[in-house]
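**Student:** Got a structure for you, questions after.
Values quoted throughout were computed directly from the atomic coordinates according to the rules given, and no laboratory measurement underlies them. Everything quoted here is computed from the prediction, not taken from an experiment. No Cβ is skipped: glycine too gets one built from the backbone with ideal geometry, and neighbour counts run over all protein chains shown.
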Amino acid sequence: SETFWTTTGMFPQEFIIGFPKRVKISKVAIQCYLVRTLRIERSVSEDPVGFEQCIEKDLQHTEGQLQMEEFPLPEFQATYLRFIIKSAFDHFVSVHRVMAEGT
């Protein structure tokens, strides 16, 4: 949590996480700061194309502490996950940790 990715001040902002092959994911968790609206999309292609929306959620504002959100994803497969920060509570936000559980 001492290192983080930060936005450049305009929205939307996005980042993509790739896996070496298609994996089954049962849960995704994220620790971030000042994110208002988050969308998670997936791709099952060999390249990061053809994304489909899986989750979109408005997060709670937590003044002075990290937001911690978990998203259960039963029977979910992906090769790539794209995280889109659509809006924020401030000009800049940070992402401290992304965790995916599964096989």
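**Student:** Provide, as a two-decimal number, the C-alpha radius of gyration of region 35-87 over 2.2 N^0.38 Å, N being how many residues it has. Walk me through the numbers on the way to the answer.
**Tutor:** On the way: Rg = 12.7 Å, N = 53, 2.2 N^0.38 = 9.9 Å.
Working it through for region 35-87, the quotient is 1.28.
**Student:** Could you name the aspartates and glutamates whose alpha carbon sits less than 12 Å from that of LYS21, not counting residues in the same chain fewer than 8 places away?
**Tutor:** Filter leaves GLU46, ASP47.
**Student:** Can you work out the PRE-style zone for THR103? Point 7 Å along Cα to Cβ, and I want the residues of region 19-39 with backbone N under 20 Å.
**Tutor:** Taking a point 7 Å out along Cα→Cβ of THR103, the residues of region 19-39 whose backbone N falls under 20 Å are 19-29.
**Student:** Taking just the alpha carbons, could you work out the radius of gyration and Dmax for region 5-102, both in angstroms?
**Tutor:** 13.2, 39
**Student:** Can you spot the lysines whose alpha carbon is less than 24 Å from LYS57's alpha carbon? Ignore those fewer than 8 places along the same chain.
**Tutor:** Candidates past the 8-residue exclusion: LYS24, LYS27, LYS86.
**Student:** Something else about it: Dipole of region 1-102, Cα-centred, from +1 at each Lys and Arg C-beta and -1 at each Asp and Glu C-beta, to the nearest 20 debye? Provide the component values of the computation, followed by the final result.
**Tutor:** Numbers: 11 positive and 14 negative charges, 38 e Å.
In total the dipole reaches around 180 debye.
**Student:** Rank ILE30, VAL44, MET99 by how far each Cα sits towards the positive end of the charge dipole of region 5-102 (+1 on Lys, Arg Cβ; -1 on Asp, Glu Cβ) and give me just the farthest.
**Tutor:** Towards the positive end, the residue furthest out is VAL44.
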